[in-house]
Amino acid sequence: MKSKIFLLLFLFNLLINKTITYDKKREILFYALGEKVFIYNAQDKESLKILSEEIIAKDKVNSLYYLKDKLYLATKKGIEIWDVKNPFHYSPFLINSFDLKECCNDIKVINSYIYLATKRGFEIYNIENLNNPYQIGRLSGFASCRNFFIYKNYCYIVDKEEGLKIIDIKDIYNPREVGYLKDIKPILDVDGENNLIYLACGKRGLGIVDVKIKSYPEKIIDYSVAGYSLALFYKKPYIYLATDIGLSIIDVKDPYSPQEINYYQSENNIKDVFVIYPYAYLDSDRGLEIVKIGKKGNIFLYFSGYFYFLLLILIFAYIIYRISRVYKDWKERIKG
């Protein structure tokens, strides 16, 4: 009985961590472990080269987010903003930090605003002046505000006690709850696109929810996988679902009939996943694991979404070519 209680506490401890982020332009990967953030040259994605420079935060890093040469850290006590403009040659330096006296569980940055999930609830800060950030919006009343996902004018928040909550953030100064889904518990992570939201749901595996009607989100399906689902990463048309024992890759082109197409079992406890195809980077209790994802037979499936896009481009190019040929022939006939 004691071992089961310990395992449950351990798993719930993991759900607040979003520990990997990526600078796509320069191919730099940032990985948080405790109070440290390690910086990797990811040009060779299979064998990352760790840089000598690293970031040491004031407290344990729960989540990190990269945007425009800045690295934003959510820690157990507040927020830290670091300049990482050129980690290949210069040490990152702390621009500013502010103590919220509350544990920050997740962080996102859009334009000049920081969005936070804290123990107090959902908070929004203006960071137009990085030296003087200030709160502009807040929504309290959460039992345990954890990870969240923002798409267009809505924020989808995971609350450990109360399930999924949907927040309207069109008025950034007055965020308001417009919908919720309480019959899926626990929800440990969230991601999505358009009107579909994907959830990491512990023993229940992957949950898929239709949020077309924001005030009335509707569960589509629970999809079971091996292990206890803790975190996920969505890259169309796949969900990369991290469990305590490995990684499940699920095809969700048809959300009513998801299909697991590959599975990787780890010897370590997995806490988070980040994908830069064709590799998945897993945060485990022993550090960063790199896994090559997909089998040869699944490569076409990965690119199938792009195949139709390229086909449309080719068709359009052919139509333009034919029109130009007809026009050229017409001009020649007039001259003749």
Next item on the list: Could you please find all residues in the stretch 113-137 being under 22 Å from the mean Cα position of the chain (by Cα), open to solvent by 40 Å² or more (accessible area, probe 1.4 Å) and at pLDDT 90 or above?
Entry: Tyr113
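Keeping to the stretch 159-181, report how many residues are free of Cβ contacts under 8 Å to residues at least 60 places away in the same chain and either farther than 24 Å from Asp191 by Cβ or surrounded by 19 or more Cβ atoms within 10 Å (Cβ to Cβ) (or both).
Step one: list which residues in the stretch 159-181 are free of Cβ contacts under 8 Å to residues at least 60 places away in the same chain, which gives 159, 161-181.
Still in the running and either farther than 24 Å from Asp191 by Cβ or surrounded by 19 or more Cβ atoms within 10 Å (Cβ to Cβ) (or both): 159, 163-167, 169, 171, 173-175, 181.
Looking only at that region, the number is 12.
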Note to self: All but one of (1) at pLDDT 90 or above; (2) more than 22 Å from Leu48 (Cβ to Cβ); (3) open to solvent by less than 90 Å² (accessible area, probe 1.4 Å) hold for Phe274; state the number of the condition that does not hold.
What the structure shows: (2)
Item checked: Members of the stretch 146-199 that are over 20 Å from the mean Cα position of the chain (by Cα) and closer than 18 Å to Tyr115 by Cα -> Lys170, Asp171, Ile172, Tyr173, Asn174, Pro175, Arg176, Glu177, Val178
Note to self: Looking for something open to solvent by 20 Å² or more (accessible area, probe 1.4 Å), in contact (Cβ under 8 Å) with a residue 60 or more places away in the chain and within 26 Å of Ile127 (Cα to Cα) - is there at least one such residue anywhere in the stretch 224-242?
What the structure shows: no
Checklist line | Residue satisfying condition, being of a type in the set (S, T, N, Q), assigned to a strand (DSSP E or B) and open to solvent by less than 70 Å² (accessible area, probe 1.4 Å), within set Asn262, Asn268 | finding: Asn262
Checklist line | Subset of the stretch 187-220 [outside any strand (DSSP E or B), surrounded by fewer than 23 Cβ atoms within 10 Å (Cβ to Cβ) and among the small types (Gly, Ala, Ser)] | finding: Ser215
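The values are calculated or read from the model by the stated rules, or taken from the named source; none is laboratory data. Model, not experiment: these values are computed from the prediction. When we count neighbours, we look across all protein chains shown, and the Cβ atoms used for this are built from the backbone with ideal geometry, even at glycine. The accessibility values were calculated without ligands, DNA or RNA, using every heavy atom of the protein model including side chains. Shrake-Rupley method; radii C 1.70, N 1.55, O 1.52, S 1.80 Å.
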